Amino acid sequence: MATSLSEAYRDTTLQLKHIIPLDFDSIHDLPESHVWTTKDNLLSEKPDVLSIPVIDLNALNATELVRNACQKWGMFHLINHGIPLRLVEEVEEHARRLFGLPLERKLKALRSPSGATGYGVARISPFFSKLMWHEGFTIMGSAVDHAKELWPDEYEEFCDTMDNYQKKMKSLAYKILLLILKALEVDDKNQNQDQEINCTPSFYQSEGALQLNSYPCCPNPNRAVGLAPHTDSLLLTILHQNDTNGLQIFQEGTGWVPVPPVSGALVVNMGDLMHIISNAHFPTVYHRVVPNETRHRFSIAYFYGPPTDSIIAPLSKFQIPCFRPVTLKEYISLKSKHLEKALTLLRN
């Protein structure tokens, strides 16, 4: 029986201090546990003189634009993506409603120490000496079990909205994947495409994962981190961010570059698996989130990847592969133990 995405995370058990967020409603000063320093990777950002490209999904030269964006940035804004604005707004409204609950209510849906779904802080927390100014809610498949704990008598609307959004995201992610494969000069009409991308069964059968993120107003944002620097593990991430800044990506030779929200656009960034498939031609995006003193940031991330028993390797067109083949389940295990060093361990 195939392993589900949530089951693939069960090899790693976390301590409760790396799962339970702060009670942000009761905090007036930044606690020492959340004070970061320059040594902790709290590097200053560069002026907003650089910006990632905005790409129209329907543009005639979309393939070329995506290729250039993936090579230079590993990220781009996507417009005319086909996701109804009202649906995005509904998901954000439900996220606000969820994170606005009292902490004792949210803890009823707390992620288990070896689990991957439910309420809690990011699973990368144990890799850092300080804690993050963040709370999240992770969904893989149906959210019904945790939603019933939060709203015993009125959970259906939340679940229906999240299910609908995941369905739309999955379809959009597949379109983006085909566009990226074209950018890598893989023919999407080739009947042997699954073999060419070294992944069976089809990528489209992925469960994916939906992550709701909350970064409350922070009393001392210059000394705090909302989400610590990291890369995403799967093929690609599709992100909606509300009208509050905070997302930044790291560029060699430049430093941290802000990724401000673009009205109506979704942010698409490459993950570790796409870095492997592209034979390192497309960078996996090292990114972080910084908090804000006066504005509450919300974001909705959809992570797209193949089934966990899929074998990931550089495309066969690359005669000298940089990475050895790996199953998604194996890679999740490596990432859970080694974080950013996981890719290095796969290098040939």
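The values are calculated or read from the model by the stated rules, or taken from the named source; none is laboratory data. In this text, all values refer to a predicted model and were calculated from it rather than measured experimentally. All Cβ positions, even for glycine, are placed from backbone atoms using ideal geometry, and neighbour counts span all protein chains on display. Accessible surface is based on the protein model in full, side chains and every heavy atom, while ligands, DNA and RNA are left aside. Shrake-Rupley method; radii C 1.70, N 1.55, O 1.52, S 1.80 Å.
Details
- Within the range 314-339, the set of residues being open to solvent by 10 Å² or more (accessible area, probe 1.4 Å), assigned to a loop (DSSP other than H, G, I, E, B) and aliphatic (A, V, I, L, M) comprises 320 only.
- Evaluated against (1) at pLDDT 95 or above; (2) closer than 19 Å to residue 136 by Cα; (3) in contact with a strand residue (DSSP E or B) (Cβ under 9 Å, 6 or more places away or on another chain), residue 5 falls short on exactly one condition, (1).
- The strands (runs of 3 or more DSSP E) falling completely within the range 236-297 that include 2 or more residues that are among the polar types (S, T, N, Q) and farther than 29 Å from residue 316 by Cβ map to 247-251.
- Residue 211 within 25 Å of residue 4 (Cα to Cα), in a strand (DSSP E or B) and either open to solvent by 10 Å² or more (accessible area, probe 1.4 Å) or modelled with pLDDT of 95 or more (or both): yes
- Selection of first residues in the range 303-319 that are on the phi < 0 side of the Ramachandran plot and of second residues that are exposed (fewer than 15 other Cβ atoms within 10 Å of the Cβ) and at pLDDT 90 or above, restricted to Cβ pairs under 6 Å at least 6 apart or on distinct chains, gives the following pairs, ordered by first then second residue: 311/325; 313/325.
- Test: residue in the range 251-270 that is within 29 Å of residue 310 (Cβ to Cβ), of a type outside the set (Lys, Arg) and surrounded by fewer than 23 Cβ atoms within 10 Å (Cβ to Cβ): no
- Contact map, the range 60-84: first residue over 16 Å from residue 257 (Cα atoms), second residue of a type in the set (D, E, K, R), Cβ cut-off under 7 Å, separation 6 or more or different chains; pairs are 62/56; 63/182; 79/56; 80/56; 83/168.
- Identity of the residue in the range 298-312, part of a loop (DSSP other than H, G, I, E, B) and either open to solvent by less than 10 Å² (accessible area, probe 1.4 Å) or hydroxyl-bearing (Ser, Thr, Tyr) (or both), that ends up farthest from residue 98 (Cα to Cα): 310
- 3 or more residues within 30 Å of residue 184 (Cα to Cα), open to solvent by less than 40 Å² (accessible area, probe 1.4 Å) and aliphatic (A, V, I, L, M): qualifying helices (runs of 4 or more DSSP H) within the range 59-139: 62-72
- Taking the range 221-258 as the range and being over 29 Å from residue 85 (Cα atoms) and polar (S, T, N, Q) as the test, the residues that pass are 222, 251, 254.
- Test for residue 309: is it within 15 Å of the chain's Cα centre (by Cα) and either farther than 21 Å from residue 167 by Cβ or aromatic (Phe, Trp, Tyr) (or both): no
- Top-ranked residue of the range 178-208 - restricted to ones that are open to solvent by 60 Å² or more (accessible area, probe 1.4 Å) and either touching a Pro at 6+ places or on another chain (Cβ under 9 Å) or part of a helix (DSSP H, G or I) (or both), ranked as modelled with the highest pLDDT: 182
- The condition of being at pLDDT 95 or above, within 24 Å of residue 229 (Cα to Cα) and in contact with a strand residue (DSSP E or B) (Cβ under 9 Å, 6 or more places away or on another chain) holds for only one of 143, 109, 116, 95, that being 95.
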